[in-house]
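Beneath this line is the structure, given in structure tokens, with notes to follow.
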Amino acid sequence: MARKFITLSEQVITEINAGERQVGEKMTSLRIFAKQHGVSMSTAIRTYEELQDNGFLASQEKSGFYICKPIAKNSDIDFATFTSEVKSPKSALRPSVVGLNTMLSTVQVAPELMPINRLTKFIKQAFDSPQYHHFHYPSAMGLMSLRENLTKHFKQKGLALNPDNLVVTGGCIQAVMAGLQAVTKAGDCVVVPSPCYQGLLQLLATLQLKVIEIPTTPEGLDLEALEQVVTTQRVSACLLTANHQNPTGHSLSVQQKAWLADFAAQYQVAIIEDDVFGELSHNHTMPLPIKAWDKAGYVIWCSSVSKTLAPGLQVGWCEAGRYQSQVAALMQAFHGMPNQCLQMAVSRFIETGHYQRHLRTLNRTLAAHCFAYQSYLKSRLPKGCKISSPQGGMALWLKLPNIDCDALALRLAELGVEIRQGSLFTSRELYQDHLRINCGWPLGVAKPWLDKLCDWVLHNCAKL
């Protein structure tokens, strides 16, 4: 006979799969669960542990337990296979057309999901209580109170940081740029995953760097291909995203992250980790970055509040390990710090607990958005089309067989909506039948534009 805690966990899983318990719903406390089912506290604890081990329950510090579902691998996505080689990244994106609706093309949350009123309150307070240091040259490292509050915030999520090692930046891309400038020079080669966020490819082109794309797999990266490249080519850095990668939305496994940290130390190659989507987990628990396993200081961890709070704040940070002094010097000499009052406002937003509460609400909403977009697109697009199953963030990666997505992008632009076609996410001749769309807006708002997209695809599929 099955042990009681296994029977109870199977009962809860059945209720979740049947929709009787909703993803994001708070689970009853252990004490109440034990009383309801007439079992001991130890049995209740074992039941919750079993649910967590199977991916159906996530714990939130000082808050309790929340219903979730196991993270699905992107088994529905065809990942390209190829032999890695040195390429020049594309030097420019297709210029944006004034007046196009960008809700599907720009990966960000809808304005109504940003805590605008509360943020405005903290910003106003910072500007209404001026102090001398607000108007002095900023520290090369950034506001200490912000670095301390960031350290406390991430400690609660299992990531140990030292505020003295954090450098505040004007967003994640600026942190990545400083990291690249610290470890590369024009003409050097940088390893990136394929597909890769087009903004990073544009940055690499601007810095006159070469790229070597590494194939992506449902489990993460092709590590054998990565090691082969680093041992046979002159590679100056790896530019990677371990959590909720843009555009596919998938994450590396714990084993791959630990391997990469050891790999960087073994070959003494810097890993610049873009973790801007790291806190946007659909399962309530922030997956740790590669930085968590970095003992030798070869990982430059970069993030910001651009995707979680508001892109216009332009407040980010990096923990640069052994490259800290170079990154801090670059920030002071060339990039400059974000406005100190904005740093103070973000610091207070984190310190008062508003940031963590906002993240809990936002992640439940984004998980619901992604599910709604997936369901709607599957109902409208032809059979054979494939849609990613993101583990976090708000990007969906679509494969539309036999569809020229460059032509689709041009047609949608004529109809007033912008998308990001797959060819923008690579330096190679790949992903011409792919596109990325943002699901940060409620489906009802984006539906008219999604309908235009689906109508064009259906019309052109009928011609084939």
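The values are calculated or read from the model by the stated rules, or taken from the named source; none is laboratory data. Because the structure is predicted, anything quoted here is derived from the model rather than measured. Cβ coordinates were reconstructed from backbone atoms using ideal geometry, including for glycine residues, and neighbour counts include every protein chain displayed. With ligands, DNA and RNA removed, areas are computed over all heavy atoms of the protein, side chains included. Shrake-Rupley method; radii C 1.70, N 1.55, O 1.52, S 1.80 Å.
Out of Gln228, Gln245, Gln256, which single residue is surrounded by fewer than 17 Cβ atoms within 10 Å (Cβ to Cβ) and not acidic (Asp, Glu)?
Numbers: Gln245 fails: surrounded by fewer than 17 Cβ atoms within 10 Å (Cβ to Cβ); Gln256 fails: surrounded by fewer than 17 Cβ atoms within 10 Å (Cβ to Cβ).
Residue meeting the stated conditions: Gln228.
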Can we say Trp293 is modelled with pLDDT of 95 or more and surrounded by fewer than 23 Cβ atoms within 10 Å (Cβ to Cβ)? yes
Which residue is farthest from Leu113 (Cα to Cα), if the candidates are limited to region 334-355 and must be assigned to a helix (DSSP H, G or I), open to solvent by 30 Å² or more (accessible area, probe 1.4 Å) and not acidic (Asp, Glu)? Phe334
For region 217-238, the count of residues that are without any contact (Cβ under 8 Å) to a residue 60 or more places away in the chain and not in a strand (DSSP E or B) equals 9
Before we move on, is Gly440 outside any helix (DSSP H, G or I) and under 18 Å from Glu112 (Cβ atoms)? yes
Lone unmet requirement of (1) more than 19 Å from the chain's Cα centre (by Cα); (2) crowded, with 18+ Cβ neighbours inside 10 Å for Gly384: (2)
Exactly one condition in (1) out of contact with any strand residue (DSSP E or B) (no Cβ under 6 Å at 6 or more places or on another chain); (2) modelled with pLDDT under 95 is not met by Met141; state its number. (1)
Restricting region 70-86 to residues that are in contact with a strand residue (DSSP E or B) (Cβ under 9 Å, 6 or more places away or on another chain) and open to solvent by less than 70 Å² (accessible area, probe 1.4 Å), which is modelled with the lowest pLDDT? Asn74
Every residue from region 173-193 that is open to solvent by 10 Å² or more (accessible area, probe 1.4 Å), in a helix (DSSP H, G or I) and either touching a strand residue (DSSP E or B) at 6+ places or on another chain (Cβ under 6 Å) or under 18 Å from Val276 (Cα atoms) (or both): Ile173, Gln174, Met177, Val183
List pairs: first residue in region 37-52 and within 17 Å of Gly64 (Cα to Cα), second residue open to solvent by less than 30 Å² (accessible area, probe 1.4 Å) and polar (S, T, N, Q) anywhere in the structure, Cβ distance under 7 angstrom, at least six positions apart or on different chains. Thr47/Ser9; Glu50/Ser9; Leu51/Ser9
Yes or no: Lys378 surrounded by fewer than 23 Cβ atoms within 10 Å (Cβ to Cβ), assigned to a loop (DSSP other than H, G, I, E, B), at pLDDT below 95 and of a type outside the set (Asp, Glu)? no
Which number in (1) within 26 Å of Phe82 (Cβ to Cβ); (2) open to solvent by 10 Å² or more (accessible area, probe 1.4 Å) marks the one condition that Pro163 misses? (1)
Scanning region 1-29 for residues that are in contact (Cβ under 8 Å) with a residue 24 or more places away in the chain, under 20 Å from Gly64 (Cα atoms) and outside any loop (DSSP other than H, G, I, E, B) gives Phe5, Leu8, Ser9, Val12, Ile13, Ile16, Lys26
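Matching residues to (1) in contact with a strand residue (DSSP E or B) (Cβ under 8 Å, 6 or more places away or on another chain); (2) not in a helix (DSSP H, G or I):
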{"site": "Leu201", "(1), (2)": "yes, no"}
{"site": "Ala205", "(1), (2)": "no, no"}
{"site": "Gln208", "(1), (2)": "no, yes"}
{"site": "Pro215", "(1), (2)": "yes, yes"}
Please indicate, with yes or no, whether at least one residue in region 450-463 is assigned to a helix (DSSP H, G or I), within 20 Å of Gln245 (Cβ to Cβ), touching a residue at least 40 places away in the same chain (Cβ under 8 Å) and not aliphatic (A, V, I, L, M). no
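How many residues does region 29-41 contain that are loosely packed, with under 14 Cβ neighbours inside 10 Å and closer than 18 Å to Glu10 by Cβ?
The total comes to 2.
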Identify all residues within region 296-329 that are out of contact with any strand residue (DSSP E or B) (no Cβ under 9 Å at 6 or more places or on another chain), among the hydrophobic types (A, V, I, L, M, F, W, C) and surrounded by 21 or more Cβ atoms within 10 Å (Cβ to Cβ); write none if there are none. Leu309
Residue by residue through region 303-336, note down the ones that are farther than 18 Å from Gln356 by Cβ and of a type in the set (Ser, Thr, Tyr). Tyr323, Ser325
From His284, His354, which residue is touching a residue at least 60 places away in the same chain (Cβ under 8 Å), more than 20 Å from Leu104 (Cα to Cα) and over 16 Å from the mean Cα position of the chain (by Cα)? His354
Would you check if Ser306 is in contact with a helix residue (DSSP H, G or I) (Cβ under 9 Å, 6 or more places away or on another chain), of a type in the set (Gly, Ala, Ser), within 22 Å of Leu207 (Cβ to Cβ) and assigned to a loop (DSSP other than H, G, I, E, B)? yes
Which is of a type in the set (A, V, I, L, M, F, W, C), surrounded by fewer than 16 Cβ atoms within 10 Å (Cβ to Cβ) and either part of a helix (DSSP H, G or I) or more than 21 Å from the chain's Cα centre (by Cα) (or both), of Ala407, Ala446? Ala407
Does Ala264 satisfy the condition of being touching a Phe, Trp or Tyr at 6+ places or on another chain (Cβ under 8 Å) and buried (at least 22 other Cβ atoms within 10 Å of the Cβ)? yes
